[in-house]
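Structure, as structure tokens:
Please treat every number below as a calculation from the coordinates, not as lab data. Since this is a predicted model, take the numbers as computed values, not measurements. Glycine gets a Cβ as well: all are built from the backbone with ideal geometry, and neighbour counts include every protein chain shown.
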Amino acid sequence: MCILRLNRIYRDFPYGFRLYTDTLFPQAEAQTGSCTSRSTIYAASIAASLMLHLFTRWLRDIPVDLDTTFNLLAGEYTVY
């Protein structure tokens, strides 16, 4: 299972870094399993395309999503 999560953090926002660190979890809670280079490159490519999409929206002064989650196995795309 692969879940991608993108968070928008502004460096000028006083609690931005704390919001980012609150989304991290300890290594003990991470999903265990094999990770092949093919699956890693696939997930990284999707994450990069989503970030480019958000960057393009930002350049055009279109509102950017605060928190985006993409579940590859279930095909769910959630925007907060």
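Ranked by the mean number of other Cβ atoms within 10 Å of their residues, highest first, the peptides 48-57, 19-28, 64-73 come out as 64-73, 48-57, 19-28. Each of Glu76, Glu29 has some number of other Cβ atoms within 10 Å of its Cβ, and from fewest to most they run Glu29, Glu76.
Model label points for Ala47 and Cys2, set 7 angstrom from Cα along the Cα-to-Cβ axis, are 1.0 nm apart. Each residue, Arg57 and Thr32, gets one label point 7 Å from its Cα in the Cβ direction; the gap between the two is 3.7 nm.
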